[in-house]
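The values are calculated or read from the model by the stated rules, or taken from the named source; none is laboratory data. Just so it is clear, the structure is predicted and the values come from calculations on it, not from any experiment. Glycine gets a Cβ as well: all are built from the backbone with ideal geometry, and neighbour counts include every protein chain shown. These accessible areas exclude ligands, DNA and RNA; they are computed on the full protein's heavy atoms, side chains included. Shrake-Rupley method; radii C 1.70, N 1.55, O 1.52, S 1.80 Å.
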Amino acid sequence: MPRVVVAMSGGVDSSVAASLLVEAGYDCVGVFMRHGRPALPPVTQPTGSLAILPSGHQSSGHQGCCSVADALDARRVADRLGIPLFALDLTDDFTQIIDYFAAEYGRGRTPNPCVRCNSWIKFGRLFDHADAIGATHVATGHYAQLTQGVDGRPQLSRGLDATRDQSYVLFDVPSARLGRMLLPVGGMSKDAVRSRAAALGLVTADKPDSQEICFVASGEHAQLVGHRLGGSRAGEIVTRDGSVLGQHPGIEHFTVGQRHGLKLAVGRPLYVVRIDADTCRIVVGDREEVPDTDLVAGEATWLEPVGDEPFECLVQCRAQRGPAPAVVTPLGPDRFSARFTGGPEHSPGPISPGQPAVCYAGDRLLGGGWIEG
């Protein structure tokens, strides 16, 4: 059977993904991605490969989401499954994601680091490691499914468990890599994944899911952004006509559509309708003023050919919201516009610059881009 690199985070999803591949007879090599600064130098590898650290190696530096406890859990699972586990030092690569995260907030946009991590690292740099050790595929514990189209090409679709679907954050993976990806838990529910982990005696069976932004604690992203950019970008809160309503501690605290945290007493709810990075102004207004009818997206990645003419599909603008019906018009090979046609009852929610706009035909992912503005 082919050799497969399995990204093992120390969580239950990747643990069960590895177990399914082992059971299917694949030659599995577990990989734990270490994002901190290693205390020991990496083992020398052939030119062009990623640095590999022995699986027992621990770092005394900052670990981000990949803590020593996570590494030990991944090690215990690998031992239980009888597969090797290596740690990869991806500090430099992950630093680029943090820099992107901070820079986007500094531009008045709302970033999505999970998408960048998937396209740059999990289904990017891990392929370098796979090539170095003769592996044909890279596998993860994402809740999404790979199927074969009528033309024989692989297609990416939503996971079976709609409440856990993660296809949205995979839109930016190049289509050429779909054929080398494996998503073993995409056809399972979360309950089924935990049940299997418990039946196998894996230590991760009851482990809580990781937080949304893996490298910063909830509520602390503004401090991180301020630190990376050399200070918070404080300014005024204004209406669309320029009337000043108050002050804010930094544009990195806000996203379009946000209501809470404005700390304004004006007798009615107000929402963020625009973030002006040049003046550090937060523009607020009524809910009806929040953009939710059309968008333009750039840096588009198409997993399936869509042609040059407008077409109807579903477009999702936030990981936490469902898709909405829209007419998408290609504006060249890597840019498109979307006009939402479902009315208020099928709204995509607030359209925030910097977030992905992902296009679906039913459950099948067509592609997507990054919302401009």
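Along the stretch 220-237, what does the Karplus equation 6.51 cos²θ - 1.76 cosθ + 1.60 (θ = phi - 60°) give for ³J(HN,Hα), rounded to whole Hz, x for Gly and Pro?
For the stretch 220-237, the Karplus curve yields 10, 5, 5, 5, 5, 4, x, 5, 6, 9, x, x, 6, 9, 6, x, 9, 9 Hz.
Expressed as an acute angle from 0 to 90° and rounded to the nearest 10, what is the orientation of the C-alpha long axis of helix 12-23 relative to the principal long axis of the chain?
Between the helix axis and the principal axis of the chain, the angle is about 40 degrees.
Of VAL138, LEU245, TYR360, which is farthest along the charge dipole of the chain in the positive direction, counting Lys and Arg as +1 and Asp and Glu as -1 at C-beta?
The listed residue farthest towards the positive side: VAL138.
With springs only between Cα atoms under 10 Å, which of GLY285, GLY108, GLY149 fluctuates most in a Gaussian network model of the chain?
GLY149
Heavy atoms only, probe 1.4 angstrom, no DNA, RNA or ligands counted: give me ASP334, ASP73 ranked by accessible area, highest first.
Sorted by accessible area, descending: ASP334, ASP73.
Take the alpha carbon atoms of the stretch 340-373, find their center, do the same for the stretch 181-198, and report the distance between the two centers in whole angstrom.
The two parts, judged by their Cα centres, are 27 Å apart.
Tell me, which longest segment in the chain has none of the GluC sites (Glu not before Pro) that fall in DSSP loops with at most 15 further Cβ atoms within 10 Å?
1-211
What order do PHE336, PHE311 take when sorted by accessible area (1.4 Å probe), most exposed first?
Largest accessible area first, the residues go PHE311, PHE336.
Please get the size of the charge dipole for the stretch 260-327, origin at its Cα centre, with Cβ charges of +1 on Lys and Arg and -1 on Asp and Glu, quoted in debye to the nearest 20.
For this selection, approximately 660 debye.
Measure nothing fancy, just the Cα-based angle from helix 68-81's long axis to the longest principal axis of the chain, in degrees from 0 to 90, nearest 10.
Approximately 40 degrees, to the nearest ten.
Using the Cα gyration tensor of the stretch 185-271, with a ≥ b ≥ c the square roots of its eigenvalues, what is the shape: rounded (a/c below 1.5), prolate (a/b larger than b/c) or oblate (neither)?
Prolate.
Please report the antiparallel percentage of the DSSP beta bridges confined to the chain, to the nearest 5.
Bridges in the chain are about 70 percent antiparallel.
Taking R0 as 35 Å, what's the FRET efficiency between ARG153 and ASP209 from their Cβ-Cβ distance, rounded to 0.05?
My answer for the efficiency is 0.65.
Rounded to the nearest 10 degrees, what's the angle between the helix 190-199 long axis and the longest principal axis of the chain, both from Cα atoms, 0 to 90?
20 degrees
Quick one: which residues, 5+ away or cross-chain, put their amide H under 5 Å from the amide H of GLN258? H built at 1.01 Å from N.
VAL272
From the P(r) of the stretch 223-303, could you give the percentage of C-alpha pairs in the tail past 16 Å?
Value for the stretch 223-303 (Cα pairs over 16 Å): 55 percent.
Using 0.36 nm per residue, how much length does the chain from GLU289 to ALA361 gain when fully extended, once their Cα-Cα distance is taken away?
So the chain would gain 23.0 nm between GLU289 and ALA361.
Name the residue farthest towards the positive end of the dipole of the chain from the options SER218, LEU270, THR163, assuming +1 on Cβ of Lys and Arg, -1 on Cβ of Asp and Glu, about the Cα centre.
The residue sitting most towards the positive pole is SER218.
Report the relative contact order of the chain, percent, no decimals, based on alpha-carbon pairs under 8 angstrom and at least 6 residues apart.
Relative contact order of the chain: 15 percent.
Assigning unit charges at the beta carbon (Lys, Arg +1; Asp, Glu -1) and nothing else, what dipole magnitude in debye, to the nearest 20, does the chain show about its Cα centre?
700 debye
For P(r) over Cα pairs in 20 Å bins from 0, in percent, one of (1) 30, 61, 9; (2) 25, 49, 22, 4, 0; (3) 27, 55, 18, 0 was computed from the structure I shared and the rest are decoys. Which label?
Calculated P(r) over Cα pairs in 20 Å bins from 0, in percent: the matching label is (3).
Modelling each spin label as a point 7 Å along the Cα-to-Cβ direction, I'd like the SER347/ASP131 distance in nm, to one decimal.
4.7 nm
Using Cα pairs under 8 angstrom and six or more residues apart, how large is the relative contact order of the stretch 128-255, in percent?
Relative CO of the stretch 128-255 lands at 17 percent.
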